[in-house]
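Working notes, beginning with the structure itself.
The values are calculated or read from the model by the stated rules, or taken from the named source; none is laboratory data. These figures come from a predicted structure and were not determined experimentally. We place every Cβ from the backbone using ideal geometry, glycine too, and count neighbours over all the protein chains shown.
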Amino acid sequence: MNKWLNVKIIKLKKWKNNLFSLIVRAPINSFKAGQFTKLSYINTKKKRIQRAYSFVNPPNNKNLEFYILLINQGKLTPYLYDIYNYEIFIAKNSFGFFTMEELPKKENIWMIATGTALGPYCSILQQDNVLKKFKKIILIYAIKYSIDLNYLNILNKIQKKYNKKIVIQIILSREKNKKYLFGHIPDLIYSGKLEKIVQEPLNKKTSHVMLCGNPNMIKDTQKVLFSLKKMRKHFRRNPGHITSENYW
């Protein structure tokens, strides 16, 4: 059974388009970069409402950060969005296998995310163990509008940290901007445009792919990778080429 801890609120940052970042502290057990925990609230019927959220911060940072989309009619996010007026809890333990430890060694790692699912990659890439398994990192981040690039400062720090060992490509789906690629991830992979832009190969011999975010993006991208690249899902007992985590 989960043990629940009270959180100490450090910061609540509200962005545009119902996005917000929540930073708290609590004496949780150690976690691995890429894992998630659970936040909860007890409603008026004395029922605990809980949801899973990935850490944005690396494990050595005591400030526990979460990147969240407010669902106006949701059962939990409105209370997180108004956290100063409610008692919010965090699980003592963390969960999940979306971590470097679970991946096979390859030439390059493709980290593909949509929206708030950038979080686990921020956690992973702020550590120092990625290049022990991969020679090159390709981070693909897809959002609707450029105004939603709320973690651009962290992306810039990651770019500086890895220098020529990383390629960061931002994709917009509802706004054309000369700085960024326009379109949808599955289509850009299928057409070959994404590989051409980042100038890195995507194939089952040299690549491992991590997919995180919108379930439809994950499903459609997997279909393309299955058919076009002859890749398969990765499991401990049956190693493959694709590791994924749905965000709802």
Positions within region 177-208 being out of contact with any strand residue (DSSP E or B) (no Cβ under 8 Å at 6 or more places or on another chain) and of a type in the set (Phe, Trp, Tyr), in sequence order: TYR190
Breaking point among (1) more than 23 Å from PHE66 (Cα to Cα); (2) touching a Lys or Arg at 6+ places or on another chain (Cβ under 8 Å), for ILE170: (1)
Pair list, Cβ under 6 Å, 6 or more apart: region 196-215 residue closer than 19 Å to MET100 by Cβ, other residue modelled with pLDDT under 95 and among the polar types (S, T, N, Q): none
Output for region 20-45, where each listed residue is among the hydrophobic types (A, V, I, L, M, F, W, C) and either out of contact with any Lys or Arg (no Cβ under 9 Å at 6 or more places or on another chain) or not assigned by TED's automatic domain parsing to the domain that holds GLU65 (or both): PHE31, ALA33, PHE36
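Quick grid of which residues meet (1) of a type in the set (Phe, Trp, Tyr); (2) not in a helix (DSSP H, G or I):
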site	(1), (2)
SER123	no, no
PHE134	yes, yes
ASN150	no, yes
LEU155	no, no
ASN163	no, no
GLN169	no, yes
Criterion violated by GLN73 - all others in (1) free of Cβ contacts under 8 Å to residues at least 40 places away in the same chain; (2) touching a strand residue (DSSP E or B) at 6+ places or on another chain (Cβ under 9 Å); (3) under 27 Å from ASP148 (Cα atoms) satisfied: (2)
Those residues of region 1-13 which are of a type in the set (D, E, K, R) and closer than 12 Å to PHE66 by Cα, in sequence order: LYS11, LYS13
Residue within region 189-211 that is part of a loop (DSSP other than H, G, I, E, B) and closer than 18 Å to THR116 by Cβ present: no
Any hit, region 52-62, residues being surrounded by 15 or more Cβ atoms within 10 Å (Cβ to Cβ), over 20 Å from ILE154 (Cα atoms) and not assigned by TED's automatic domain parsing to the domain that holds LYS132: yes
Top-ranked residue of region 169-189 - restricted to ones that are touching a residue at least 24 places away in the same chain (Cβ under 8 Å) and surrounded by 18 or more Cβ atoms within 10 Å (Cβ to Cβ), ranked as farthest from the chain's Cα centre (by Cα): ILE189
Single unsatisfied condition, ILE68 versus (1) out of contact with any helix residue (DSSP H, G or I) (no Cβ under 8 Å at 6 or more places or on another chain); (2) outside any loop (DSSP other than H, G, I, E, B): (1)
